[in-house]
1. Could you give the length gained by full extension between residue 419 and residue 42, i.e. 0.36 nm per residue of separation minus their alpha carbon distance, to one decimal place?
2. For residue 124 and residue 59, what is the calculated FRET efficiency with R₀ set at 25 Å and r taken between the beta-carbons, to the nearest 0.05?
3. Taking 0.36 nm per residue of separation and subtracting the Cα-Cα distance, what length does fully extending residue 334 through residue 86 add?
4. Rounded, prolate or oblate: which fits the stretch 250-441, taking a ≥ b ≥ c as square roots of the Cα gyration tensor eigenvalues, rounded meaning a/c under 1.5, else prolate when a/b beats b/c?
5. Between residue 469 and residue 238, take the C-beta separation as r, use R0 = 22 Å, and let me know the FRET efficiency to the nearest 0.05.
6. Obtain the nm distance between the two label points defined at residue 438 and residue 29 by a simple spin-label model: each point lies 7 Å from its Cα along the Cα-to-C-beta direction.
7. Using the count of nearby Cβ atoms within 10 Å as a rough guide to exposure, how do 219, 398, 324 rank from fewest to most?
8. Counting other beta carbons within 10 Å of each residue's own, what order do 440, 85 fall into, fewest first?
């Protein structure tokens, strides 16, 4: 069992001023694996002060210098990849394949960010003006628990490339993974204060960061409710804000789709992180004329899923991160039953033989109306709903009839028809017939899924402001 009492501030490990202690449990069996001392407003203030002091020098580094520092971060991450993968599986419960992919890409963000460091991305001539994109200042990076290092590194790489210094508050549910990141950042030996990491809860640490007048930018990934609070706080000091929030993504199966390919695609989209993903395509839209066929095929595929040890490559169902999150998913399943949805498989309780962990039975509902709670709210678990439609217009209307707009998925043989449908969907990203995670393309949402874009040049420029100089 690990005991962590330090944060990473101003280039060194510093004992926490905060005294609140959080227990970390393995979600697969609820065994205690760590105790972590949470920071407080004093710790946050120290980190912000360090980042503020480091900003003038860091913001003036050349693009080549930043490339070299980003490569040092990538090299330090490479040395800890195996540790990160193992901890992602143990602390988060991430499946082995996901942990391998996500932690590797976490490292790769520091390599990809180097590609954004081109002079033309920072300076252009527009009419009579010399237009420059200049770093904003101290950036506060607030990240979630579902693959936390992936989020931390994606945000940090863009911010550092832009010339910002950073204060990172990972989810308190990911403190063990965060500690490995701190050790890697320490090994990379960037100038003191450029990267700071504070373990802590949203209150007080997150609030201290979002409300500080010395923080000029917030990048947050998490729930819509918290995102609204952050945005309100940020207006007091006119912070620039990027919010990547909740989702309730549709997977739209077109009438000409091959049933086996469509079912595989739908479950791949809907059960990313066993549904604990903002981009998960948990609403499956199928043609009315093929509803019976898809009921049978989807049920069979869901029943073939296998809960178990997340480190086992054969496991296809991971646990929910905490017992309280497991209960939240159970409440949604209960609500679906109460509102009259047809339960095809799964339901309440834990899979037989896995009572010790936070496992949810993979659950599929049919006869779901779009106004039902399970069709509108983000469940963040292995609960999929099947909704039927009569024609393309009805399918598009149903797909867009939620408050979110992060991702959407389409499966069908007619590419032109799929593209026509895609161009009518209110979503930041649309996947047609394949799952693509392109870390160079912009990523973000419409509506209550947030605003601003991450990844690539767009993500880097989100940490800059524009200055036009004449004469």
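Derivation of every value follows stated rules applied to the coordinates shown; laboratory data play no part. Model, not experiment: these values are computed from the prediction. Every residue, glycine among them, receives a Cβ derived from its backbone with ideal geometry; neighbour counts consider all protein chains shown.
1. Net length gain for the segment: 130.5 nm.
2. So the FRET efficiency works out to roughly 0.85.
3. Working: separation 248, 0.36 × 248 = 89.28 nm, distance 3.38 nm.
Roughly 85.9 nm would be gained on extension.
4. prolate
5. 0.50
6. 4.4
7. 324, 398, 219
8. On the way: 440 13, 85 22.
Ascending Cβ contact count within 10 Å gives the list 440, 85.
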